[in-house]
Amino acid sequence: MKKTIILAPLAVVATCLTISNSYANLPKYGKWCGNSDVKLKAKAIDKIDEACKRNFKCKIKAKNGFENLNCDIDLINYLESRGKKSANSSQSKEARLKILSYFENKSKNWK
């Protein structure tokens with residue numbers, strides 16, 4: 001009798017662990033930024049948090065490292081452009097700058 005090994009669920013678990021570990025490094029803000037244990041239906045508190053929510057869900061759907069990186073690039077582009085206008089409170093402005101700083105520091109390791 002042959003034994004069949006099913007790797008797909010393991011790959012899903014590994015992907016989710018990778019996402020949650022990498023996502024936990026983002027500065028914490030709202031319900032989605034830097035929170036790896038969010039419920040997938042949690043409502044974002046503002047536009048900055050909504051951008052983190054989109055990033056989180058994008059990373060779950062990403063099939064490889066390049067798609068994962070594109071999720072981060074989309075978040076960075078949002079925060080550098082429309083995110084400036086969306087950050088209305090001092091907390092959201094600070095979170096925006098901390099997240100951008102996080103990616104700037106992370107990108108130094110890519111070179």
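The values are calculated or read from the model by the stated rules, or taken from the named source; none is laboratory data. Treat the numbers as computed from the prediction; the structure is a model and nothing was measured. Cβ atoms come from the backbone with ideal geometry, glycine included; neighbour counts cover every protein chain shown.
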Can you tell me which residue among 66, 56 is without any contact (Cβ under 8 Å) to a residue 60 or more places away in the chain, hydrophobic (A, V, I, L, M, F, W, C), part of a helix (DSSP H, G or I) and crowded, with 16+ Cβ neighbours inside 10 Å? 56
Looking only at the range 84-111, filter to residues that are under 17 Å from residue 31 (Cβ atoms) and part of a helix (DSSP H, G or I); which one of those is modelled with the lowest pLDDT? 86
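Counting only residues that are part of a loop (DSSP other than H, G, I, E, B) and not aliphatic (A, V, I, L, M), which one in the range 34-53 is surrounded by the fewest Cβ atoms within 10 Å (Cβ to Cβ)?
So the residue we want is 41.
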